[in-house]
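Comments concern the structure below.
The values are calculated or read from the model by the stated rules, or taken from the named source; none is laboratory data. Since this is a predicted model, take the numbers as computed values, not measurements. Because the Cβ atoms are built from the backbone with ideal geometry, glycine has one as well, and the counts that use them run over all protein chains shown.
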Amino acid sequence: MSDSSLRPTREWQWLILAVALVGAACVPLWQVYVLSQGETGGARWNAARFARLFLGPEQITCYAAFLWACFLLLSRSWEILRQRRAFRLELLPPGQCILAEDARDLQRRLDDRVGRAGPYILASMLRLALGKYAISRNSRDVAELVRTQADLHLGRLISTMATVHYLAWAIPAIGFLGTVRGLAGAMPGEDIKGQAVEIFMSEVTKHLNVAFDCTLIALALSLVLMFLVHSQQRREEELVLDCQQYCLDHLVSRLYDDPYTVNEMVPATARGYVS
């Protein structure tokens with residue numbers, strides 16, 4: 001997140017942590033259940049078969065990508081919870097009409113209330129709206145600015161989800177890659193004759209038993225990740241909409257329009273004058 005109203009998401013630090021955790025958990029299991037017992041075929045669901053199902057190289061890569069995406073979504077969830085605290089700070093004084101002369105004082109009040117706890121999307125929208133009101137002295141201009149800022153914040157939140165969207169696409173792609181690798185390993189490298197047919201069929205059966213394991217695990221992880229992504233996007237959209245509604249209810253509706261400024265914006269024919 002690069003907006004000054006949001007704290008940054010440390011994507012690469014989360015990637016390093018995800019790879020370290022997955023490696024620490026999966027590599028020992030791989031060594032115990034796969035390498036020590038060999039690549040024996042068969043369809044029995046014993047410990048070695050479960051190990052090949054969950055601990056292939058493509059599966060481990062999918063785990064790392066999934067965990068990285070979860071860390072990113074978790075950090076964004078924490079950020080949304082932090083942004084929600086701005087609604088409890090009483091950034092605007094209650095129950096009074098706001099004049100253009102009060103705008104600068106209210107901006108300083110915002111900065112004092114936010115302090116080191118920020119930045120906040122709500123505070124940023126209020127600050128810009130007050131600055132616009134101090135210049136234009138017209139509530140319609142302020143309302144338009146609030147809508148524009150809401151669209152900008154929402155677009156920025158969507159754009160900063162690019163890494164998570166890429167990981168949600170990459171996980172099933174990695175699974176298909178593992179399936180292709182397994183099917184390629186089942187293909188004969190040379191002509192099969194005589195007794196070698198039985199050996200070849202045994203090898204093919206062994207590879208086909210696990211060829212689709214990668215896709216199975218990857219699709220399962222992708223389903224979970226896409227649910228988390230959509231849930232997070234909904235919370236972020238609700239945050240921006242709530243900030244916009246707060247500005248309209250607590251700021252725009254209380255602004256005092258300067259009648260001279262309003263008259264200057266209305267055409268002469270609409271005011272009853274004839275040119």
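Quick grid of which residues meet (1) of a type in the set (Gly, Ala, Ser); (2) surrounded by 18 or more Cβ atoms within 10 Å (Cβ to Cβ); (3) over 30 Å from GLY175 (Cα atoms):
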position: ILE60; (1), (2), (3): no, yes, no
position: ALA65; (1), (2), (3): yes, yes, no
position: SER77; (1), (2), (3): yes, no, no
position: GLN83; (1), (2), (3): no, yes, yes
position: PHE87; (1), (2), (3): no, no, yes
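How many of the residues making up region 225-248 are farther than 30 Å from LEU67 by Cβ and of a type outside the set (Phe, Trp, Tyr)? Please lay out each step first, then the result.
The initial filter retains those residues of region 225-248 that are farther than 30 Å from LEU67 by Cβ, namely 241-248.
Right, trim to of a type outside the set (Phe, Trp, Tyr) and you get 241-245, 247-248.
Counting residues in region 225-248 that are farther than 30 Å from LEU67 by Cβ and of a type outside the set (Phe, Trp, Tyr) gives 7.
If you scan region 80-99, which residues turn out to be in a loop (DSSP other than H, G, I, E, B) and among the hydrophobic types (A, V, I, L, M, F, W, C)?
Taking region 80-99 and keeping what is in a loop (DSSP other than H, G, I, E, B), we get 89-97, 99.
Hits for region 80-99 are LEU89, LEU91, LEU92, CYS97, LEU99.
Report every pair of residues separated by at least 6 positions or lying on different chains whose Cβ atoms are under 6 Å apart, first residue within region 215-226 and within 13 Å of ILE174 (Cβ to Cβ), second surrounded by 15 or more Cβ atoms within 10 Å (Cβ to Cβ) and among the aliphatic types (A, V, I, L, M).
If the second residue must be surrounded by 15 or more Cβ atoms within 10 Å (Cβ to Cβ) and among the aliphatic types (A, V, I, L, M), the pairs left are ALA218/ILE171; ALA218/ILE174; LEU221/ILE171; SER222/ILE171; LEU225/ALA69; LEU225/ALA168.
Please determine whether any residue of region 161-181 is among the polar types (S, T, N, Q), within 30 Å of ALA218 (Cβ to Cβ) and at pLDDT 90 or above. Please lay out each step first, then the result.
Of the residues in region 161-181, the ones among the polar types (S, T, N, Q) are 163, 179.
Adding the requirement that they be within 30 Å of ALA218 (Cβ to Cβ) leaves 163, 179.
Going one step further and asking which of them are at pLDDT 90 or above, we end up with 163.
Looking through region 161-181, at least one residue is among the polar types (S, T, N, Q), within 30 Å of ALA218 (Cβ to Cβ) and at pLDDT 90 or above.
Taking region 150-169 on its own, how many of its residues are touching a residue at least 12 places away in the same chain (Cβ under 8 Å), assigned to a helix (DSSP H, G or I) and closer than 11 Å to ALA69 by Cα? First the steps, then the outcome.
First, the residues of region 150-169 that are touching a residue at least 12 places away in the same chain (Cβ under 8 Å): 150, 153-154, 156-158, 160-161, 163-165, 167-168.
Still in the list and also assigned to a helix (DSSP H, G or I): 150, 153-154, 156-158, 163-165, 167-168.
Pick out the ones that are also closer than 11 Å to ALA69 by Cα and you get 163-165, 167-168.
Of the residues in region 150-169, 5 are touching a residue at least 12 places away in the same chain (Cβ under 8 Å), assigned to a helix (DSSP H, G or I) and closer than 11 Å to ALA69 by Cα.
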